[in-house]
1. Can you tell me how many residues in region 249-264 are part of a loop (DSSP other than H, G, I, E, B) and under 24 Å from ALA55 (Cβ atoms)?
2. Can you name the residue in region 251-265 that is touching a Leu at 6+ places or on another chain (Cβ under 7 Å) and closer than 23 Å to LEU63 by Cα and is also most open to solvent (accessible area, probe 1.4 Å) among such residues?
3. Just to be sure I understand, how many residues within region 135-176 are in a helix (DSSP H, G or I), closer than 30 Å to VAL354 by Cα and away from the ligand (no atom under 14 Å from the Cβ)?
4. Starting from region 234-249, keep only residues that are aliphatic (A, V, I, L, M), then list their pairs with residues that are open to solvent by 30 Å² or more (accessible area, probe 1.4 Å) whose Cβ atoms are within a distance under 9 Å, requiring at least 6 positions of separation or different chains.
5. Of everything in region 102-117 that's part of a loop (DSSP other than H, G, I, E, B) and among the hydrophobic types (A, V, I, L, M, F, W, C), which residue is nearest to the ligand (Cβ to nearest atom)?
6. Which residue, of LEU25, LEU99, LEU73, LEU40, is open to solvent by less than 70 Å² (accessible area, probe 1.4 Å), assigned to a helix (DSSP H, G or I), outside the structural domain of TRP300 (by TED's automatic domain parsing) and at pLDDT 95 or above?
7. Based on what the data block shows, is ASP61 assigned by TED's automatic domain parsing to the domain that holds GLY228, away from the ligand (no atom under 16 Å from the Cβ) and modelled with pLDDT of 95 or more?
8. Return the total of residues in region 179-224 being more than 16 Å from ALA242 (Cβ to Cβ), open to solvent by less than 40 Å² (accessible area, probe 1.4 Å) and away from the ligand (no atom under 12 Å from the Cβ).
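The values are calculated or read from the model by the stated rules, or taken from the named source; none is laboratory data. Small disclaimer: the values here were computed from a predicted structure and weren't measured. Here the Cβ positions follow ideal geometry from the backbone for every residue, glycine too, while neighbour counts run over all protein chains shown. In case anyone asks, the SASA skips ligands and DNA or RNA and just uses the protein heavy atoms, side chains included. Shrake-Rupley method; radii C 1.70, N 1.55, O 1.52, S 1.80 Å.
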Amino acid sequence: MTGSPLWSHPDEPVGLTTEARALALDAADGLSGLRDRFFLPPGTIYLDGNSLGLASQDAQDALLRVVEEWKHLAIGGWGRGEPPWVLLGERLGEMQAPLVGAEPDEVVAAASTTVNLHQLAATFYRPAGRRRKILADELNFPSDLYALQSQVRLRGLDPDEDLVLVRSRDGRTLDEDDIVAAMTDDVAVVVLPSVLYRSGQLLDLPRLTIEAHARGCLIGFDLCHSAGALPHALSEWEVDFAYWCTYKYMNSGPGGVAGLYVNRRHHGRPPGLWGWFGNRSDTRFDMRLEFEPASTAAAWQIGTPNLLSAAPLLGSLALFEEVGIEPLRRRSLALTEYLMALIDALPPELGYTVGTPREPARRGGHVAVEHADAWRVCQALLARGVVPDFRPPNVVRLAPVAFYNSFHEVWRAVRHLAEIVESGELERFTEERGLVV
Ligand SMILES: *Cc1c(COP(=O)(O)O)cnc(C)c1O
């Protein structure tokens, strides 16, 4: 398969684009065996782990253990499960804490990303006097912006006035200077993504946190595209709050329970939304009419945890404990760097460019490959067994995931990208989009 003229762009060092190089990279890679712990969809090259992480044997085992507890202990599982089901949110919080760089009592697993944002905005967005705005950005995931708009409306304010969106200069990335400049003295809370879902840009979280605090604003981050993909130090950076989903890089399964973090200095402050799972666990079952918030991040839980959507995370996080986030990040950076180099080496007339920042400190775990006909490129990739996802208007999003993708898969995927344009087969696909893109 090697030796096609496609793979000998004059600017490339000899050998970079050969299949032999891909195989050699896999052979030299100490983490390549982890792939065997995952269920890889047969006959496919799965590059969509940043939308839905793959199932692992470990996650499946953990889920089946809880199903067994349900069968054998029934209601007794709330107290006698391992861990007791009532404490599962806290236990999963402790296990996630190293991945986000937090103290064990600063994290809890609960609800979903969007619900957790509502909970945290309900807590931390306290418009008062002149300070009544939320600062966000125009590139964030729409669900976050819908939640923030409704939070502004719930305070009787107008999102057109009081939800300020930092603009992007190039439609892909945000400039931290622009964000800082927008932290004016009428901003109460700043809510930003860590990694932008489309371009994959990683923002400078410690700098933004320092700048927000220096200007009297609270700051929180959406970690959906960084949690499980790269290390964080939320406590050390003194980030006020954060939230994320676990079904992307944390591989907890579709609709898996989400995570949230609240810095210790805010513990004891009443959460915005109250429910009995936010009550102190020792008095929860006293069924008193006054709410007594837990003294940890557990206070930000609302109701009964979704046991069967949380159980797989026990197994999946154990796998993170075994490997550690640092080696996974190193492998992820190597995979994405390789992917970008292969895209760069394609003949320009094929129309592919990289829309992700190049510096390791400025990118997450996926690569935005831009193409004028990105939707049809994605359809053609799927027909060839390569699973990308499409993000309008022109992004083919590819995530080679450190746990389970190989360098050879990246090589093959790029080869498919080249062939589907070269062969003219794009023409066979419709421009019409379906229900889920
Ligand atoms: C995936 C993702 C979500 C998803 O929210 P759910 O409540 O889990 O549906 C929200 N925000 C961002 C930035 C995401 O990447």
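1. Of region 249-264, the ones part of a loop (DSSP other than H, G, I, E, B) are 249-258, 263.
Next, from what is left, pick out any that are under 24 Å from ALA55 (Cβ atoms): 249-258.
Looking only at that region, the number is 10.
2. PRO254
3. Of the residues in that region, 1 qualify.
4. Matching pairs, first to second residue: VAL239/PRO206.
5. ALA111
6. When all the criteria are applied, what remains is LEU73.
7. no
8. The qualifying residues number 9.
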